[in-house]
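A short write-up of the structure that comes next.
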Amino acid sequence: MIVSQLISPKSIAVIGASENASKPGGKVIENLLEGNFEGVIYGVNRKPIAVEGVEYISAVEELTEVDLAIIAIPAKYCVEIVKTLIEKGTKAFIIYSAGFSEGGEEGKNIEKELVEIVNKANGTLIGPNCIGVINGNYKGVFTTPVPEYDPLGCEFITSSGATAVFLLESALLTGLRFSNVYSIGNAAQTGVEEILEYMDQTFDAEKSPRVKLLYLEEIKNPFKFIKHATSLRQKGCRIAAIKSGYSEAGGRAASSHTGALATSDMVIRALFKKCGIVYCDSREELIAVGSVLQTKTLEGENIAIITHAGGSAVMLTDALSANGMDVPAFPEEDTQELLTKLNPGSAVGNPIDFLATGTAKQLGEIIDFCDNYDKVDGMVVVFGSPGLFNVKDVYEVLDEKMKTSKKPIFPVLPSVINAAKEIKGFLAKGRVNFPDEVSLGKALAHINQSSKVLFDKAQLPEMDLVNIRSIINASSNGFLNPEICAELMEAAGIALAGQMEITSKGQIFSIAEKLEFPIVMKVIGPVHKTEVGGVVLNIANEKQAAKTFDELMRIPDAKAVLVQEMLSGEELYCGAIKQGDFGHVVLCGLGGIFLELLNDTSSALAPMSTQEVTNMVESLKAYPLFEGYRNRKALNKNKFIDVVKRIGALVHIAPEIAELDLNPLIADDKNMKVVDVRIRIEK
């Protein structure tokens, strides 16, 4: 819960105040004063301090009621200080101090006690181990730079104070503007979920900022995160985020294909995709995405590149094309008139290169052409300086055209030394600059992809819910046997290849009663059958079946043999794995023995809507197989979508399923059947 005293306090007490601006308790006072905080500032320290505009208090016991306490003292003293402040009516706390849960068991206990105290008082705690809060009312941080408040600038939530400083330093040089900044540190009580909840509940379509940037080290409540991030997106907000700490791969490679494929990064990407959040890999990309989102909205994928630097245009074209955007060629008949207005040697086929001798007037002509050309959705203007001439007039034309153009214009002004003065003047007009064209290209593509997310509610397909729950309730932890797996697939409405399990050679003669030859025989027991020679195809008769049975049962750990009908077609895959509080991640893709080698998969958090699953399937590199590839018949796309959606519903209904593999599914233009199922239960 975010209390009003945190957002708009009438009084702020700095506990651990100092005259020395090189200390947190001194620097925050300096920032509060320079930020023109209109309320009362109390400086609390046993040692007297004299700072104009600050009322000195020797101990918290001497304070009258105060709205917000900013605490910069050692961790071991914080509990008693907070207790005393709560007795005096304080509801909001920002704790800079380190030495809490990040510092060991003792720190964890202190942090836990702090949270309990603040919760009991229905208050708000930001931190500990943070740099503070910036908003339109006060600048409650002990760091610089402190961005000038822009009510429609980006809102920024960060787990790391140092990373926030680095990002602000870089972002302010590009012209990116900020409104509210929340450094949540350890997020002991108030994490990203609570900040998003507050933004969602207080959203005003006329006044609230619409761009949110996140740097996250932990998401404690994924479903709360999804709820409010999705709600904000539906209200017209755009969100971009970095989630660090994903490099450790999932540790279940030995038990399933899905376990080998599902990394922490995949989980986060699936979460962000579900919310329509732009996934960013770095501070540079987050800044680029934020800058794009603060310009006019790009309504398509066709980009015109306008430049006097051919190399930059080539790199930008590559970055756009490789990420799903288009730099369409302009037919000669469409550009003849434009070409007459440019210097000899100019190229107008897109990229449009109007040479180093190009003028500001010519740039204006090119922009006007692109703005009225139906093959263009947006423009990138790359214009630097070798230091031989002043580019001020070019940037003035660029600024004017950005005001009047119907389509967005993204400026790449790379000469941060040669044209430093001119760029500074351009940014002072409220513009942004993209110093690197490749980062811009990736940002445009990633925003375009995330904008296609549709928030249709997941509707569970018709399934035998009673039977599913009966099977799960009756099952013990561990892998289910093939017979139970088959029952579960039937209850879920997923077609399975005809099969029977045999444990003795005498049962071979009953095969023909259920299945037609040729058949497939698979060992039951070893985790990965193909690695131990445990799969034999195209067995034509009972004699071959008897011989194969003996061979398979000699494999170490063999318990039985699974006999299946022999199917032909393409091999596909679907799997699911439980990832703690995030629920289940569902994967789909090309299957068979090359699944992990090719790793052509897409993922989503369960349960999924039909549109989500359609996007998953269409994003696969193997998707051309569903449309018909090199004279092969198209695979049944709708049946695959149905299977993937049912797996998402199944693990949602039965959260005790820890891992599930369907690999492979054999598919052709009409049918789709599961050949191999592995399901592990963990209650």
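Could you please rank PHE330, PHE426, placing first whichever residue has the fewest other Cβ atoms within 10 Å of its Cβ?
On the way: PHE330 20, PHE426 24.
Placing the least packed residue first, the sequence is PHE330, PHE426.
Need one number: the % of Cα-Cα pairs in the range 147-293 sitting beyond the 27 Å mark. Looking at the range 147-293, the distances longer than 27 Å represent 21 percent of pairs. Residues whose amide H lies under 5 Å from that of ARG238, counting only those 5 or more places away or on a different chain, are VAL211, LYS212; hydrogens are built 1.01 Å from N in the peptide plane. Shown here: Cα extents along the principal axes in Å, derived from the displayed model; of the candidates (1) 81, 66, 53; (2) 88, 66, 66; (3) 98, 78, 38, it corresponds to (3). Ranking LEU595, ASN473, ALA540 by how far each Cα lies toward the positive end of the dipole of the range 472-620 (charges on Cβ) leaves ALA540 at the top. Taken along the Cα-to-beta-carbon direction at a fixed 7 Å, the label points for SER8 and PHE223 span 3.4 nm. The residue among LEU444, LEU635, GLY140 whose Cα reaches farthest toward the positive pole of the charge dipole of the chain, with charges on the beta-carbon of Lys, Arg, Asp and Glu, is LEU635. How big is the gap, in Å, between the Cα center of the range 654-671 and the Cα center of the range 90-106? First find each Cα centre; the distance between them is then 47 Å.
The modelled label-to-label distance between ASN20 and ALA205, using points 7 Å beyond Cα along the C-beta direction, is 5.4 nm.
From the P(r) of the range 4-131, could you give the percentage of C-alpha pairs in the tail past 19 Å? Before the final figure, lay out the partial values.
Details: 3531 of 8128 pairs.
For the range 4-131, the share of Cα pairs beyond 19 Å comes to 43 percent.
Shape analysis of the range 530-683 places it in the oblate category; the axes a ≥ b ≥ c from the Cα gyration tensor give an a/c of at least 1.5, with a/b not above b/c.
Reducing the range 1-65 and the range 461-476 to their Cα centroids gives an inter-centroid distance of 60 Å. In the chain, taking the dipole from charged Cβ atoms about the Cα centre, the farthest positive-side position among LEU167, PHE389, GLY191 is held by GLY191. Multiplying the residue separation of ASN638 and PHE389 by 0.36 nm and subtracting their alpha-carbon distance yields 83.6 nm. Taking amide H as placed 1.01 Å from N in the peptide plane, the amide H of VAL382 sits under 5 Å from that of ILE306, THR307, HIS308, VAL412, each at least 5 places away or on another chain. Put the Cα centre of the range 436-454 next to the Cα centre of the range 579-615 and the gap is 22 Å.
Charge dipole of the chain (Cα centre as origin; +1 on each Lys and Arg Cβ, -1 on each Asp and Glu Cβ, all else neutral): 500 debye, rounded to the nearest 20. Looking at the chain, the DSSP beta bridges with both ends there are about 50 percent antiparallel. Annotation: the residues ILE226, ILE157, sorted from fewest to most other C-beta atoms within 10 Å of their own C-beta, follow the order ILE226, ILE157.
Hey, what number do you get for the chain at 222 nm if only DSSP H runs of n ≥ 4 count, each worth -39500 (n - 2.57), divided across all residues, to the nearest 500? Don't skip to the answer; put the middle values down first.
Working: 24 runs with 246 residues, N = 683.
-10500 deg cm²/dmol, from helical runs alone.
Mind ranking 429-437, 266-274 by how tightly packed they are, going by the mean number of other C-beta atoms within 10 angstrom, highest first? Each step should come with its number before you reach the end.
On the way: 429-437: 19.9, 266-274: 22.7.
Taking the mean over residues of other Cβ atoms within 10 Å, the ranking is 266-274, 429-437.
Placing pseudo-labels 7 Å out from each Cα toward the beta carbon at ASP326 and SER264 gives an inter-label distance of 4.0 nm. The 3J(HN,Hα) values that the Karplus relation (6.51, -1.76, 1.60; θ = phi - 60°) gives for the range 103-117 are, in residue order, x, x, 5, 4, x, 4, 5, 5, 4, 4, 5, 4, 4, 4, 5 Hz. Gly and Pro appear as x.
Suppose R0 equals 45 Å; then what is the FRET efficiency for ALA474 and THR295 from their Cβ-Cβ distance, rounded to the nearest 0.05? Could you put the intermediate results ahead of the total?
Numbers: r = 58 Å, r/R0 = 1.29.
Approximately 0.20, to the nearest 0.05.
Taking amide H atoms as placed 1.01 Å from N in the peptide plane, the amide H of ALA69 lies under 5 Å from those of ALA13, ALA92, PHE93, ILE94, each 5 or more residues away in sequence or on another chain.
The listed peptides 644-652, 465-473, ordered by packing as a protection proxy, come out as 644-652, 465-473 (highest mean of other Cβ atoms within 10 Å first).
3J(HN,Hα) along the range 561-576: 10, 9, 9, 9, 5, 8, 10, 10, x, 7, 9, 10, 8, 8, x, 8 Hz, from the Karplus curve 6.51 cos²θ - 1.76 cosθ + 1.60 with θ = phi - 60°, whole Hz, x for Gly and Pro.
Peptide packing: for 1-9, 114-122, the average count of neighbouring Cβ atoms within 10 Å per residue gives the ranking 1-9, 114-122, highest mean first.
About its Cα centre, what dipole magnitude does the range 1-131 give when the only charges are +1 on Lys and Arg Cβ and -1 on Asp and Glu Cβ, stated in debye to the nearest 20?
On the way: 12 positive and 18 negative charges, 31 e Å.
The dipole magnitude comes to about 140 debye.
Once fully extended, how much extra length lies between ASP557 and SER510, figured as 0.36 nm per residue of separation less the alpha-carbon to alpha-carbon distance? Don't jump to the answer; show the numbers that get you there.
Values: separation 47, 0.36 × 47 = 16.92 nm, distance 2.47 nm.
Taking 0.36 nm per residue and subtracting the Cα distance, the gain is 14.5 nm.
Backbone geometry of the range 635-643 corresponds, through the Karplus equation with coefficients 6.51, -1.76 and 1.60 at θ = phi - 60°, to 3J(HN,Hα) couplings of 6, 7, 4, 5, 5, 5, 4, 5, 4 Hz, x marking Gly and Pro.
Rule-based calculations on the coordinates, nothing more; no lab input. Note that the structure is predicted; figures quoted are calculated from it, not measured. Glycine gets a Cβ as well: all are built from the backbone with ideal geometry, and neighbour counts include every protein chain shown.
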